[in-house]
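Here, each number is a calculation from the coordinates, and none is a lab measurement. The shown structure was predicted, so the numbers you read here are calculated from the model rather than taken from an experiment. Heads up, the Cβs are rebuilt from the backbone with ideal geometry, glycines too, and the neighbour counts pull from every protein chain shown.
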Amino acid sequence: MYYEDGIRGVGRKFPAFDLNGVNSQNEMVNVSLEDEPSNWSVIYFYPKDFTFICPTEIAGMDLLVNDADVIGISGDNEFCKLAWKTTNGMIREINHSLAADCGLDLSLQVGVVNHDEGVCFRATFIVDPSRTIQHVSVNALDTGRNAQEILRTLQALKAGGLTGCEWNPGDDFVA
């Protein structure tokens, strides 16, 4: 079922999924978000494998692996992902999985498909352990994301207090 009013937003449930993919050891595996995950998750979508901006983002997202389960998703299949990972030094040794959303079913469910190009936008979801979306950001196809800001946002969400603009771990909460 498609999400009729666009991007699945903050406060809504991120759909559980089970996709084929490639893990950090470059093995083909099932990559999933369970009905009740035990950790925070950062799920990010990118347009295509074997492109120029995408590996910079994928490598950058490794910054988040100590704070959340991180999964990168595009519409390319798991064989393409494995070939790309083993040939691209920038992403060869990343510490998170890349998943194949062949047919863009999950991407359509969460509303992040660029229909003109037939690929995912550069979308990022921060999902809490109850699968509730706590943050969504979406960039145009030609604009990369800032993994440092995604990490800061994740840490602010996990802090459990009122976090002001540019809050960082160790800063006081807004009173």
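For trypsin sites (Lys or Arg not before Pro), the sites in the range 25-102 that DSSP calls loop and that have at most 16 other Cβ atoms within 10 Å are Arg92.
For Val29, the residues 5 or more places off, or on other chains, whose built amide H falls under 5 Å of its own are Gly21, Val22, Asn23.
Please give the length that would be gained between Cys102 and Asp172 if that part of the chain were fully extended, namely 0.36 nm times their separation in residues minus their C-alpha to C-alpha distance (nm, one decimal).
20.8 nm
As a size descriptor, the averaged projected area of the C-alpha convex hull of the range 17-145 was calculated at 6.9 nm².
Taken one residue at a time, the phi angles of the range 122-139 give Karplus couplings (6.51, -1.76, 1.60, θ = phi - 60°) of 7, 10, 10, 10, 9, 10, 7, x, 9, 6, 7, 6, 10, 7, 9, 9, 9, 10 Hz. Gly and Pro are set to x. Packing, taken as the mean count of other beta carbons within 10 Å per residue, orders the peptides 135-141, 25-31 from highest to lowest as 135-141, 25-31.
Applying a DSSP loop filter and a limit of 14 other Cβ atoms within 10 Å to the chymotrypsin sites (Phe, Trp or Tyr not before Pro) in the range 45-89 leaves Phe50, Phe52.
Remark: the range 28-33, residue by residue, has Karplus-estimated 3J(HN,Hα) of 6, 9, 8, 10, 9, 10 Hz, where x stands for each Gly or Pro and the curve is 6.51 cos²θ - 1.76 cosθ + 1.60 at θ = phi - 60°. Here the Karplus curve 6.51 cos²θ - 1.76 cosθ + 1.60, taken at θ = phi - 60°, turns the phi angles of the range 9-18 into couplings of x, 4, x, 9, 7, 7, x, 5, 8, 9 Hz, with x standing for Gly and Pro. 222 nm [θ] for the chain, helices only, -39500 (n - 2.57) per DSSP H run of 4+, per residue, to 500? Mean residue ellipticity at 222 nm (helix-derived): -6000 deg cm²/dmol. Proximity of backbone amide H atoms, modeled 1.01 Å from N, is registered between Asp69 and Trp40, Ser41, Val42 at under 5 Å, excluding neighbours fewer than 5 places apart on the same chain.
Near the amide H of Thr163, within less than 5 Å, lie the amide hydrogens of Val174, all on another chain or at least 5 residues away, with H placed in the peptide plane.
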